[in-house]
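Single-structure report; data block below.
The values are calculated or read from the model by the stated rules, or taken from the named source; none is laboratory data. Values in this document were obtained by computation on a predicted structure and should not be read as measured data. For neighbour counting, all protein chains shown are included, and Cβ atoms are generated from backbone atoms with ideal geometry for every residue, glycine included. The accessibility values were calculated without ligands, DNA or RNA, using every heavy atom of the protein model including side chains. Shrake-Rupley method; radii C 1.70, N 1.55, O 1.52, S 1.80 Å.
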Amino acid sequence: LKIIVAIKQVPERDAPIRIDAAGKWIDESDLQWALNESDAYALEEALLLKEKSADPASEVIVLSAGPERVGVTLREGLAKSADRAIHIVADDLASRDALGVARLLAAAIAPEKPDLILTGLQSEDLGLGQTGVILAELLGLPHASLILQVEVVADGNPQAHIRAKRELEEGWFQTIDLPLPALLTIQSGGNKLRYATLMGIKRAKMKECRILRAADLAATSAPVVTLASVSLPHKQKSTQILTGSPAEAATALVEKLKTEARVL
Amino acid sequence: MSVFVVLEVRNGKITRSSWEAAAAAATLANGAPVTAVLLGANTEPLAAQAAAGPVARVLRVEHPLLAAYSSDGYVIALHQLFQKESPTHVVLPHTYQVRDFASRLATRFGQVLISDVIALEPGPTFVRQLFQGRMNAIYQSAGVGPCFVSVQAGAFRAAPLSQGTTSFVPKMPQEDPGASATEGSIPIEFFTPTIAPSDIRTTASEPFRATSQTVDLSSAQLIVSVGRGIKDAANMPIIQQLAEALGAELAASRPICDSGWLPMERQVGSSGQTVAPKLYLAIGISGAIQHLVGIKGSQCIVAINKDSNAPIFEIADYGIIGDLFEIVPALTAAINAAKS
């Protein structure tokens, strides 16, 4: 079972986000970066599948596109026991649309001929939720999105296929079966995430991280959709902010809830 | 300009979010006719419902293999339809189902879906949120093919069906959906895609619930809800004490339930329960849209958060900006003091 997990490095969740001088993107200068949350779940699912697989040649490959800093996140994947990494070095991701980024990833994935490709459901920065689904179309593979748990049925047989638990809206689920090779986009929360061990971090340094240049992948395309500008959202409601010490603010709030909002 | 809207059906009814998408399509069309698309094995019972919306034409895309949703079936059917119809814009509701197939469909046209749009501006340009609602971005399409757009639930107001919309005179549903256009009625047409059973590569089960839902938050009057800001399971007691002081139900945003700090059945948001209490106290919840859609029916929303730019403050009535580990115990004390 050969699994590729496409992961993305995103600004750390609590990082202060500032708009850059041109108003076109955020100021990336002193940001901290982290592995996108649902991608961490995709990686976890891949590692569990490999551990459960009867095939001793099973491997998990982490793949990411982005500038040099992305290497740190790929190493994190290797430390969590992915077998090798592929880094598509690209400094122009911001000028590519979802299709342009997926074309890069597809060009790197195709020669590997994986059995299964996993991506996170969506990124915490752009939140497009499309990369995996577009990848499936570019690679001609069946896909399912919003997946929480994955099982390989009849692993090792020619009839091997995927059975996955898919999240629907409002607390409903369904089971979906797909033939291999296939692509799944993974929702957060399906498994408990592992931490990298000290041994894992040591071993990661010895593992292969192959560098591909975006320019060599022949996957350029003029963007169809472009981001024109970014701005801070307008408030829909005027929030009454209660100030003072915690005790003062709390007392003022209780008073407001009783006499003004009349909900207590 | 030729604008299409793809309607979604649940439990035999066209969903509210589909009508919101239809309203967005009408805004985008700016007077030009909007065509509504229905998919299924038999869309007969829905055609009249669709025709009562702000649309000028209904297209029934029917095939036995469309009886149940599949991404392959929907992509094939809609690809064939739009190749024939050449729309300039296709609007869809941003539901889980649409998220599953729409970007695949757009890719087949060499296009890119503009997903989860919250507003339209002249141009047209499309506004969507970045960084979990902390920032807005304006997108535009340079494509020459159809521009695919999915719209966020609640972002556009669905016109009441009986009254039509400002741009469209209300029209009576046509009695014989097979007939062609007649004066004063909406044309309802058929399209039969070519789909082979082997084209559909996935097999999905009937929907099920993981566990029998034992907690019904939808009728709770007071809810104390906790998010990532609580940092650790060991900190949960301060939230429980506040809920007890208020006599409120305890709830949480998704990450808390994902971590197992509260059971899944206490999750509020698009993947959990929808609530409408008198008071919703959001503690350490930044307010990603997936959470906000579950609480917008609340009468009064209070947010406690250290980040004054957190999107939860966009919809909160009252807010306290600061460290929840100081504010929550103070609030518990203030409530107990007010009771005595």
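Entry remark, the stretch B:193-210: residues being of a type in the set (Ser, Thr, Tyr), open to solvent by 90 Å² or more (accessible area, probe 1.4 Å) and touching a residue at least 12 places away in the same chain (Cβ under 8 Å) number 1 in total.
Applying the set (1) within 18 Å of B:GLY154 (Cα to Cα); (2) in contact with a Cys (Cβ under 9 Å, 6 or more places away or on another chain); (3) open to solvent by 10 Å² or more (accessible area, probe 1.4 Å) to B:ILE114 leaves exactly one unmet item: (3).
In the stretch A:24-47 there is no residue matching the filter, namely being outside any helix (DSSP H, G or I), in contact (Cβ under 8 Å) with a residue 60 or more places away in the chain and more than 18 Å from A:VAL10 (Cα to Cα). B:SER115 passes every criterion in (1) under 21 Å from B:ASN30 (Cα atoms); (2) out of contact with any helix residue (DSSP H, G or I) (no Cβ under 8 Å at 6 or more places or on another chain) apart from (2).
Name the single residue that is nearest to B:VAL34 (Cα to Cα) among those in the stretch B:185-200 being part of a helix (DSSP H, G or I) and in contact with a helix residue (DSSP H, G or I) (Cβ under 7 Å, 6 or more places away or on another chain). Out of the qualifying residues, it is B:ASP199. Cβ-Cβ below 6 Å, separation at least six or inter-chain, first residue in the stretch A:191-209 and within 14 Å of A:VAL72 (Cα to Cα) and at pLDDT 95 or above, second open to solvent by 60 Å² or more (accessible area, probe 1.4 Å) and not in a loop (DSSP other than H, G, I, E, B): which pairs? Listed by first residue and then by second, the contacts come to A:ALA204/A:ARG75. For the subset of the stretch A:186-213 comprising residues that are open to solvent by less than 30 Å² (accessible area, probe 1.4 Å) and touching a Lys or Arg at 6+ places or on another chain (Cβ under 9 Å), which member is nearest to A:GLY132 (Cα to Cα)? Filtering the stretch A:186-213 for residues that are open to solvent by less than 30 Å² (accessible area, probe 1.4 Å) and touching a Lys or Arg at 6+ places or on another chain (Cβ under 9 Å), the one nearest to A:GLY132 (Cα to Cα) comes out as A:GLN187.
Per this entry, A:LEU232 is counted among residues that are within 14 Å of another protein chain (Cβ to nearest Cβ), within 25 Å of the chain's Cα centre (by Cα), under 26 Å from B:SER150 (Cβ atoms) and open to solvent by 50 Å² or more (accessible area, probe 1.4 Å). Which pairs do you get when a residue that is more than 30 Å from B:SER286 (Cβ to Cβ) and more than 7 Å from every other protein chain (Cβ to nearest Cβ), found in the stretch B:132-148, comes within reach of a residue that is assigned to a strand (DSSP E or B) and open to solvent by 10 Å² or more (accessible area, probe 1.4 Å), reach meaning Cβ atoms under 9 angstrom, with the pair 6+ apart or on two chains? Pairs that qualify, where the first residue is more than 30 Å from B:SER286 (Cβ to Cβ) and more than 7 Å from every other protein chain (Cβ to nearest Cβ) and the partner is assigned to a strand (DSSP E or B) and open to solvent by 10 Å² or more (accessible area, probe 1.4 Å), are B:PRO146/B:HIS89; B:CYS147/A:VAL225; B:CYS147/B:HIS89; B:CYS147/B:SER141. Checking B:THR88 against (1) farther than 18 Å from A:SER145 by Cβ; (2) surrounded by 24 or more Cβ atoms within 10 Å (Cβ to Cβ), which single condition isn't satisfied? Status for B:THR88: all satisfied but (2). For the stretch A:127-142: of the residues being open to solvent by less than 40 Å² (accessible area, probe 1.4 Å) and in a loop (DSSP other than H, G, I, E, B), which is farthest from the other protein chains (Cβ to nearest Cβ)? Filtering the stretch A:127-142 for residues that are open to solvent by less than 40 Å² (accessible area, probe 1.4 Å) and in a loop (DSSP other than H, G, I, E, B), the one farthest from the other protein chains (Cβ to nearest Cβ) comes out as A:LEU141.
Checking A:SER123, A:SER145 one by one, the residue that is of a type in the set (S, T, N, Q), buried (at least 20 other Cβ atoms within 10 Å of the Cβ) and within 23 Å of B:TYR139 (Cα to Cα) is A:SER123 and no other. Within the stretch B:299-329, the set of residues being among the small types (Gly, Ala, Ser) and open to solvent by less than 10 Å² (accessible area, probe 1.4 Å) comprises B:ALA303, B:ALA310, B:ALA316, B:GLY319. On the stretch given as the stretch B:313-340, residues that are more than 9 Å from chain A (Cβ to nearest Cβ) and either out of contact with any strand residue (DSSP E or B) (no Cβ under 9 Å at 6 or more places or on another chain) or free of Cβ contacts under 8 Å to residues at least 60 places away in the same chain (or both) total 4. Of the set (1) modelled with pLDDT under 95; (2) closer than 12 Å to A:GLN130 by Cα, all apply to B:GLU121 but (2).
Here A:ALA94 qualifies as touching a residue at least 40 places away in the same chain (Cβ under 8 Å), within 14 Å of another protein chain (Cβ to nearest Cβ), assigned to a helix (DSSP H, G or I) and open to solvent by 20 Å² or more (accessible area, probe 1.4 Å). Flag: A:ALA214 does not match the condition of being more than 7 Å from every other protein chain (Cβ to nearest Cβ), over 22 Å from the mean Cα position of the chain (by Cα) and modelled with pLDDT under 95.
Among the candidates B:SER2, B:SER71, the residue that is surrounded by fewer than 23 Cβ atoms within 10 Å (Cβ to Cβ) and out of contact with any strand residue (DSSP E or B) (no Cβ under 6 Å at 6 or more places or on another chain) is uniquely B:SER2. If you check A:ASP39, A:ASP30, A:ASP115, A:ASP97 for being out of contact with any strand residue (DSSP E or B) (no Cβ under 6 Å at 6 or more places or on another chain) and not hydrophobic (A, V, I, L, M, F, W, C), only one passes: A:ASP30.
This table checks each residue for (1) open to solvent by 50 Å² or more (accessible area, probe 1.4 Å); (2) polar (S, T, N, Q).
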{"position": "B:ILE230", "(1), (2)": "no, no"}
{"position": "B:GLN241", "(1), (2)": "yes, yes"}
{"position": "B:ALA245", "(1), (2)": "no, no"}
{"position": "B:PRO255", "(1), (2)": "no, no"}
{"position": "B:TRP261", "(1), (2)": "yes, no"}
{"position": "B:THR274", "(1), (2)": "yes, yes"}
{"position": "B:GLN290", "(1), (2)": "yes, yes"}
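If you check A:GLN149, A:GLN122 for being polar (S, T, N, Q) and in a loop (DSSP other than H, G, I, E, B), only one passes: A:GLN122.
So is A:VAL225 open to solvent by less than 90 Å² (accessible area, probe 1.4 Å), of a type in the set (A, V, I, L, M, F, W, C), farther than 22 Å from A:ALA108 by Cα and touching a Lys or Arg at 6+ places or on another chain (Cβ under 8 Å) or not? Considered against the rule, which asks whether it is open to solvent by less than 90 Å² (accessible area, probe 1.4 Å), of a type in the set (A, V, I, L, M, F, W, C), farther than 22 Å from A:ALA108 by Cα and touching a Lys or Arg at 6+ places or on another chain (Cβ under 8 Å), A:VAL225 comes out as no.
Confirm whether A:LEU48 is open to solvent by 10 Å² or more (accessible area, probe 1.4 Å) and at pLDDT 95 or above. Yes, satisfied. For the stretch B:202-229, how many residues are closer than 18 Å to A:LYS165 by Cβ and in a loop (DSSP other than H, G, I, E, B)? Counting residues in the stretch B:202-229 that are closer than 18 Å to A:LYS165 by Cβ and in a loop (DSSP other than H, G, I, E, B) gives 8.
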